[in-house]
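**Student:** This is the structure, below, for whatever I ask next.
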Amino acid sequence: MALKDAFTPLAHIHAGQVAPGPIAIAGWVRTRRGSKKFSFIDLNDGSSPKGIQVIADAVLPNYETDIARLSTGAAVIVKGLLVESPGQGQRFEIQAKDIEVTGFADPETFALQKKEMSFEYLREVAHMRGRTATFSSMFRLRSVVSLAIHRFFEAQGFSYIHAPILTTNDGEGAGETFKVTTLDLNAPPRGKDGKVDFSKDFFGRESMLCVTGQLEAEALAMGLGKVYTFGPTFRAENSNTSRHLAEFWMVEPEMAFWDLDDTMALGEGLIRAVVREVFEKCEGDLEILAQKAEQDARPYLRMALEQPFVRVSYTEAVEVLQKAISGGKTFEYPVSWGGDLKSEHERYLCEVHFKAPTIVYNYPEELKAFYMYLNDDGKTVRAMDCLMPGIGEVIGGSQREDRLDVLERRMRSKGIDSTHLEWYLDLRRFGGVPHAGFGLGFERLLMWISGFGNIRDVIPFPRVPGSCLF
Ligand code: 4AD
Ligand code: MG
């Protein structure tokens, strides 16, 4: 038998697919309680939020030498009998006949302890986080949510495309890019003007990591119709907050012959579909996460299934906030038409005022990126942000400016160099169509689903200002 088939996954046992009798399992020790006569080992193999109790009798030949030394994090192969458990809260347990230790984890030096550990500490030992109950649940949830997203788009007839990670355009025009270069940083070639000569660089021009895949998605939507990307995205914003990563994953659908309303409906449908699948497949993981979360997210998840998302224009949203302020509500940041909505404002709107996921649309032109469709009022663009109770902005999207002259004008007024974006303008010059799309921050979505308050705890190896460990 292949080694990979030698052990029964705990998930199969808990799903009732395994009859009592001889069995072999393999996994990591969560805890061991011992007496002179027995050890009770709580074992987990990562296939399920639920572990299994292994009972090891002191008569086993390696009891003193191996089994009694087992501690949190050690790895073992257990052969024995699967039996109905007399104990509370578990259907089965395993009576061990043979325990082989494949790796001890010396508690004196091992990163994980039996006792409660802070999230801050666990981030420093992120290479071991997957061995804890909390983070194995989180990363199983992450996997289920990823696949639910793909399934949703496939069912809607979208093509999954791959936008480049290395690029020569700052797609958001916000200047928060990581530069990519092979030049010698100590002695870069310089032009007559003293500036670094990027024509000598690897790509022959200044290049960077993508801040979005949208522009390339637009190119492919103009031909394939409905496409989406789902990939890593990089932003060098120096905002050391609980909601920002330097490397995060973004889902970006882009649709030809769609408008702003269509896009809002797509975002709502996507979030609902994901929540439905999470409730179906991740009950145990959600339960474990709720115990460690800043807040139990499940009421918010149910809210998203039961309540239609509220749609409100930016102008109305500002009025709601100003009314709240006149009524005595205080915010850290002021509210006035033309100003950015801060996280506290976003959360007030969806958590306190509307008590539902809330999509704010038609933002002031100055606040938003160059590619958004300018409304007839000349002041607002067809942008939309989807705000989720418990977290705030999870989706940002828009109808795109498909009128060449208006787009060129807005690029000029925002100081965007079109030298390397002629191809983007070509999409309007040749066979242009009304189109729209959005970007969903995958980690923001996971924060919302798990109720976790820090984005560093929903991605296995977080990259943030000052920290790129592992
Ligand atoms: O609102 P943003 O900047 O929109 C875009 O990038 C568009 N090009 C998307 C599109 O229309 N195709 O980013 C989209 C989402 C945000 O709503 C947020 O959820 C997430 O990406 N996001 C971040 N998540 C984690 N860390 C960061 N630094 C993030 N910046 C944005
Ligand atoms: Mg945004």
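The values are calculated or read from the model by the stated rules, or taken from the named source; none is laboratory data. Given the structure is predicted, the values throughout are model-derived calculations rather than measurements. Because the Cβ atoms are built from the backbone with ideal geometry, glycine has one as well, and the counts that use them run over all protein chains shown. The area values use the complete protein model at the heavy-atom level, side chains included, leaving out ligands, DNA and RNA. Shrake-Rupley method; radii C 1.70, N 1.55, O 1.52, S 1.80 Å.
**Student:** In terms of Cα to Cα distance under 24 Å, which lysines are near enough to LYS379, apart from those fewer than 8 places away along the same chain?
**Tutor:** LYS323, LYS342, LYS368, LYS414
**Student:** So, one more: Would you mind working out the accessible area per residue for the chain, using a 1.4 Å probe, and quoting it in Å²? Mind dumping the intermediate values first?
**Tutor:** Details: 22220 Å² over 470 residues.
With all protein chains present, the chain gives 47 Å² per residue.
**Student:** Moving to a separate point now. How large is the dipole of the chain about the Cα centre if only Lys and Arg carry +1 and Asp and Glu carry -1, each at its Cβ, rounded to the nearest 20 debye? Write out the running numbers ahead of the final one.
**Tutor:** Numbers: 54 positive and 64 negative charges, 204 e Å.
With Lys and Arg at +1 and Asp and Glu at -1, about 980 debye.
**Student:** Ignoring ligands, DNA and RNA, what percent of the accessible area of the stretch 154-285 is carbon or sulfur (1.4 Å)? All intermediate terms of the calculation are to be shown ahead of the outcome.
**Tutor:** Values: 3330 of 6470 Å².
Using a 1.4 Å probe with all protein chains present, the stretch 154-285 comes out at 51 percent carbon and sulfur.
**Student:** Please compute the net charge surrounding PRO434, taking Lys and Arg as +1 and Asp and Glu as -1 over other residues with Cβ under 13 Å from its Cβ. Don't skip to the answer; put the middle values down first.
**Tutor:** Numbers: positive: ARG382, ARG400, ARG403, ARG428; negative: GLU218, GLU254, ASP259, ASP261, ASP262, GLU401, ASP402.
Overall, the nearby charge balance is -3.
**Student:** In whole Å, what three semi-axes, largest first, describe the equivalent ellipsoid of the stretch 13-153 built from its Cα gyration tensor (square root of 5 times each eigenvalue)?
**Tutor:** Numbers: eigenvalues 150, 92, 28 Å².
Calculated on Cα positions only, the semi-axes equal 27, 21, 12 Å.
**Student:** Suppose only helical runs count, i.e. DSSP H with n ≥ 4. What mean residue ellipticity at 222 nm does that imply for the chain under -39500 (n - 2.57) per run, divided by all residues and rounded to the nearest 500 deg cm²/dmol?
**Tutor:** Numbers: 12 runs with 131 residues, N = 470.
Result for the chain: -8500 deg cm²/dmol, rounded to the nearest 500.
**Student:** Compute and list, largest first, the equivalent-ellipsoid semi-axes of the stretch 245-324 from the alpha carbon gyration tensor, each √(5λ) rounded to a whole angstrom.
**Tutor:** On the way: eigenvalues 145, 81, 43 Å².
Value: 27, 20, 15 Å, ordered largest first.
**Student:** May I pose another question? Tabulate in residue order the Karplus-calculated ³J(HN,Hα) for the stretch 110-118, using 6.51 cos²θ - 1.76 cosθ + 1.60 with θ = phi - 60°, rounded to whole Hz; enter x for Gly and Pro.
**Tutor:** The phi angles translate into 6, 5, 8, 10, 5, 6, 4, 10, 6 Hz.
**Student:** Helix 260-281 against the longest principal axis of the chain: what's the angle in degrees, Cα atoms only, rounded to the nearest 10?
**Tutor:** Orientation of helix 260-281: about 0 degrees from the principal axis.
**Student:** Less than 16 Å from a label point 7 Å out along the Cα-to-Cβ axis of PHE178: which backbone N atoms in the stretch 188-224 qualify, by residue?
**Tutor:** 207-213
**Student:** Take the chain, drop everything but the C-alpha atoms, weight them equally and run the Debye formula without solvent; then report log10 I(q)/I(0) at 0.08, 0.12 Å⁻¹ to two decimals.
**Tutor:** After summing over all Cα pairs, the log10 values are -0.60, -1.09.
**Student:** May I ask you to list the aspartates and glutamates whose Cα is less than 15 Å away from that of LYS4, ignoring any residue fewer than eight positions away on the same chain?
**Tutor:** ASP45
**Student:** Restricting to Cα atoms and excluding each atom paired with itself, what does the Kirkwood estimate give for the stretch 393-437 in Å?
**Tutor:** The answer is 11.5 Å.
**Student:** Okay, moving on. Full extension from PHE119 to ARG91: what is 0.36 nm times the residue separation minus their Cα-Cα distance, to one decimal in nm?
**Tutor:** Values: separation 28, 0.36 × 28 = 10.08 nm, distance 3.13 nm.
Net length gain for the segment: 6.9 nm.
**Student:** If you take the beta carbon distance between ALA290 and PHE257 as r and set R0 to 60 Å, what does 1/(1 + (r/R0)^6) give as a FRET efficiency, to the nearest 0.05? Present the calculation step by step, with values, prior to reporting the outcome.
**Tutor:** Working: r = 42 Å, r/R0 = 0.70.
My answer for the efficiency is 0.90.
**Student:** Expressed as a whole percentage, what fraction of the accessible surface of the stretch 1-119 belongs to carbon and sulfur atoms when a 1.4 Å probe is rolled over the protein heavy atoms? Don't skip to the end; give the middle numbers.
**Tutor:** Values: 3640 of 6650 Å².
Using a 1.4 Å probe with all protein chains present, the stretch 1-119 comes out at 55 percent carbon and sulfur.
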